[in-house]
Amino acid sequence: EKGTYPFYMLKEIDEQPAVMRTLLQKYLDDAGKPKIETDLLKALNQADRLYILAAGTSYNAGLVAKSIFEKLANIPTEVQLASEFGYNTPLLSKKPFFLFLSQSGETADSRQVLVKVNQWGYPSLTITNSEGSTLSREATYTMLLDAGPEIAVASTKAYTAQIALQTILAKALGDVRQQTTATDFDVKGQLSIVANEMQSLVDEKELINSLAKNYLATTRNAFYIGRGYDFAVSLEAALKLKEISYVQAEGFAGAELKHGTISLIEDGTPVMAIITDKRVASHTRGNIQEVKARGAHVLTIAMDSVAQPEDNITFSDVDPMLTPLLTVVPAQLLAYYTSLNRGYDVDKPRNLAKAVTVE
Ligand code: M6R
C-alpha cells in the first residue's frame with residue numbers, strides 16, 4: 001500500500017536506504033563477510049568471463065556492476081542488452097557465466113537468451129526481485145533482491161538493490177580469488193555509509209522539487225553528462241526523465257559533447273552534470289563551461305571532495321565504486337517531480353507496462 005504517499009514511485013525512492021540495510025542483513029554475516037551459496041561461488045570462480053544480460057534500468061545497473069566485478073573480482077565482464085545478444089550473439093569465451101538482471105524476472109527479451117544459454121549448457125544466475133519468476137526458475141542459481149514489491153513502472157529501488165547486491169557478490173568472488181581490492185574492501189562498512197548518505201539525499205525533496213521547477217518545468221529536452229560511473233548513472237537518469245516526464249533526455253559521456261552533441265545546446269537547454277571522480281572532475285568542469293558558453297542551464301550533482309560552492313546538490317564522500325547508489329537518487333527525484341509538476345500519472349506513464357513480456 002502506498003499509505004500517505006501520492007505515488008508509489010516516491011515511496012519506493014524513500015525505501016532505498018532500508019533496502020540497502022536489508023541486503024546487508026541478508027547477505028553479510030556479523031563479521032561483514034558475504035554469505036553466498038558455495039556452489040554459485042564455485043561456478044563463478046571457474047568462469048573466465050561474466051556476461052550480464054538485461055533490459056532498460058536493469059541494463060543500466062549492469063553497466064555499473066561491470067566495473068565493480070572487474071575491479072573487485074578481476075573477472076572480465078560484458079554487459080549486453082538481452083534483446084540484441086540473443087540474435088546477434090558475440091563470440092563467447094571458453095567458460096562463460098551468465099548473469100541475468102531483472103526486477104520482474106519476466107522480461108521476455110532476457111528469457112529468450114536464458115533459453116539459449118540453457119541449451120548451450122552454460123551456468124547462469126538470475127538476480128531478481130520476484131521469487132518464483134520465470135527467469136529465476138530457469139536459471140541455475142537465483143539471488144533475491146528482497147526490495148519489496150516495486151509497483152511504479154519506473155524502476156528505482158530495484159536499480160540500487162541490483163548494484164548493491166552485485167557489489168556484495170563481486171566482493172565474495174574477489175575474496176575467493178584473493179584479490180586485494182576485494183580483501184581490503186569493507187563492503188559492510190561502505191554500504192552502511194551509503195545507506196546513511198542515501199537517507200540524507202531522499203530527505204532533500206524540497207530542494208530537488210525546486211530545482212525540477214527551475215530547470216525542467218517546461219523544457220522539451222535535457223542532457224545528463226558524466227564520466228565513468230557518472231556516465232553510467234547519466235544513462236539511467238535520462239531514462240527516468242524520458243519515461244515518466246516525457247522530456248527527450250539523453251545521457252552522454254562528458255568528453256563526447258565536443259564530438260557532436262554540443263550542437264544541440266541552445267539558450268536555456270538544461271544540462272545536469274554528475275561529478276564524483278577526482279581524476280576527471282576538472283575535465284567535466286571544462287565541459288560545463290563549454291555548454292554554459294552556449295547558453296545551457298547547468299545543474300550540478302557533486303561529491304564533496306570534488307564539489308564547488310556553486311554546486312546544486314552535494315553529498316559526503318563514499319567509495320568511488322558506490323557513488324551510483326547516491327547520484328541516482330536526486331536524478332530519480334528530479335524525474336519524479338518533473339512528472340508530478342506537469343500533471344502526469346507518475347506511476348503509470350503512457351504506453352508502458354511494468355513487465356515487458358513480449359520480445
Ligand atoms: O523487470 P526487468 O528489470 O527485467 O525490466 C526491465 C525493463 O523493462 C525495466 O527496467 C524498464 O526499463 C523500467 N520501466 C525503467 O524504469
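Read-outs throughout are calculated quantities, based only on the coordinates presented, and are distinct from any laboratory measurement. The structure displayed is predicted, hence computed values, not measured ones. So basically every Cβ, Gly included, is an ideal-geometry build from the backbone, and we count neighbours across all protein chains shown.
Computing FRET efficiency as 1/(1 + (r/R0)^6) for Q199 and S263, where r is the C-beta to C-beta distance and R0 is 51 Å, gives about 0.80. A straight line joining the Cα centroids of segment 283-359 and segment 1-22 runs 19 Å. Remark: spin-label model distance A217-K354 equals 3.4 nm, labels positioned 7 Å along the Cα→Cβ axis. How would segment 266-346 be classified by its alpha-carbon gyration tensor: rounded, prolate or oblate, with rounded meaning a/c under 1.5 and the a/b versus b/c comparison settling the rest? Here segment 266-346 falls in the oblate category. Within segment 176-224, the ratio Rg/Rh, alpha carbon atoms throughout and Rh by Kirkwood, equals 1.30.
Note on E78 and D345: their simple-model spin labels are 4.0 nm apart, each label 7 Å out from Cα toward Cβ.
Computed from the C-beta positions of Q119 and K33, the FRET efficiency with R₀ = 25 Å rounds to 0.10. Neighbours of D347, meaning other residues whose beta-carbon lies under 15 angstrom from its beta-carbon, give a summed charge of +1 when Lys and Arg score +1 and Asp and Glu score -1. Bridging of K354 to lysines at a Cα separation below 22 Å is possible for K2, K11, K157, K240, K242, once same-chain residues fewer than 8 apart are set aside.
In terms of surrounding Cβ atoms within a 10 Å radius of their Cβ, H297, H259 rank from fewest to most as H259, H297.
Stretched out straight at 0.36 nm per residue, the stretch from K95 to Y246 would grow longer than its current Cα-Cα span by 50.1 nm. Where does the charge balance sit around Q25 when Lys and Arg score +1, Asp and Glu -1, over other residues with C-beta under 13 Å from its C-beta? Summing Lys and Arg as +1 and Asp and Glu as -1 gives +1. When only alpha carbons are used to place a centre, segment 165-189 and segment 54-81 end up 15 Å from one another.
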